[in-house]
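Have a look at the structure below before the remarks.
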Amino acid sequence: MEQSALLLRKQLAELNKNPVEGFSAGLVSGDNFYKWEVVVLGPQDTLYEGGVFKATLTFPRNYPLRPPKMKFVTEIWHPNVAKNGEVCISILHAPGEDKYGYERPEERWLPIHTVETIMISVISMLADPNGESPANVDAAKEWRDDPDGVFKRNVARCVRMMGGVILDFGDSDWFDVASLSNDPTADWSAEFPLFLNFMLPLWKSGPTLGQLSCGALVHVCPVSTK
């Protein structure tokens, strides 16, 4: 196994052992350490609170000398996320000088960065957009000119699409998770396996209507076993 794959395997084991609040991460397939999927929960006290956003991280073979690419799979409206989902933040830019002069070298990619530091930066980006060099010009203009109007409405639309979920569980370990606002028949246990990590505290508490620590509203109800 290549050194880069060994390093990524070590990071995966550490995240499984010590999960970090606000996101969950794992491999897209069991034997490819260069392609990860992540689930980000919208940070509290931001416009993205209550949203659940799925993304991929694709690592180059020469990681950690070069950064991965991150792309949101679910729709998200943000100045630093392109309309095709690609994330544009300093930490994911190739190391060295910025020819446009927007970023200092120490703000760009460094080999010390891990999946955890990347995701912490992305969560920070959601809370505090950078409008100086936007990836989504339309979102950046709305954020500057009308943050509490059209920008807020566009963000809210994305949050609504992925924010409401329902959990059905019984006495076994099998359960179904489906989006209330998007597709009530969707099987999230297959589509969104990492999302389930956030639900564990609620399964243990029995049927309830409440909020996760990150603010995603969920409804937990028992499945009939008759």
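The values are calculated or read from the model by the stated rules, or taken from the named source; none is laboratory data. Since the structure is predicted, the reported quantities are computational estimates derived from the model, not experimental observations. Cβ: placed from backbone, ideal geometry, glycine included. Neighbour counts: every protein chain shown.
Within the range 87-123, the set of residues being free of Cβ contacts under 8 Å to residues at least 12 places away in the same chain and in a helix (DSSP H, G or I) comprises Pro105, Glu106.
Within the range 20-50, the residues that satisfy the criterion of being more than 20 Å from Met70 (Cα to Cα) and of a type outside the set (D, E, K, R) are Gln44, Thr46, Leu47, Gly50. Evaluation of Glu37 against the conditions (1) part of a loop (DSSP other than H, G, I, E, B); (2) modelled with pLDDT under 95 shows that the sole unmet condition is (1). For Pro67, the criteria (1) in a strand (DSSP E or B); (2) touching a Phe, Trp or Tyr at 6+ places or on another chain (Cβ under 6 Å) hold in every case but one, which is (1). Taking the criterion of being among the hydrophobic types (A, V, I, L, M, F, W, C) and part of a loop (DSSP other than H, G, I, E, B), the residues of the range 1-34 that qualify are Met1, Val20, Val28, Phe33. Considering the range 129-138, the residues that are in contact with a helix residue (DSSP H, G or I) (Cβ under 7 Å, 6 or more places away or on another chain) and either surrounded by 16 or more Cβ atoms within 10 Å (Cβ to Cβ) or not assigned by TED's automatic domain parsing to the domain that holds Ile89 (or both) include one that is farthest from Lys69 (Cα to Cα), namely Pro129. None of Arg157, Arg108 is more than 29 Å from Lys10 (Cα to Cα), basic (Lys, Arg) and at pLDDT below 95 except Arg157. Of everything listed in (1) within 22 Å of Thr58 (Cβ to Cβ); (2) in contact with a strand residue (DSSP E or B) (Cβ under 9 Å, 6 or more places away or on another chain); (3) modelled with pLDDT of 95 or more, the single unmet condition for Thr114 is (2). Taken over the range 8-19, the criterion of being more than 15 Å from His113 (Cα to Cα) and surrounded by 14 or more Cβ atoms within 10 Å (Cβ to Cβ) is satisfied by Pro19 alone. None of Ala5, Ala55 is at pLDDT 90 or above, of a type outside the set (Ser, Thr, Tyr), crowded, with 16+ Cβ neighbours inside 10 Å and out of contact with any strand residue (DSSP E or B) (no Cβ under 8 Å at 6 or more places or on another chain) except Ala5.
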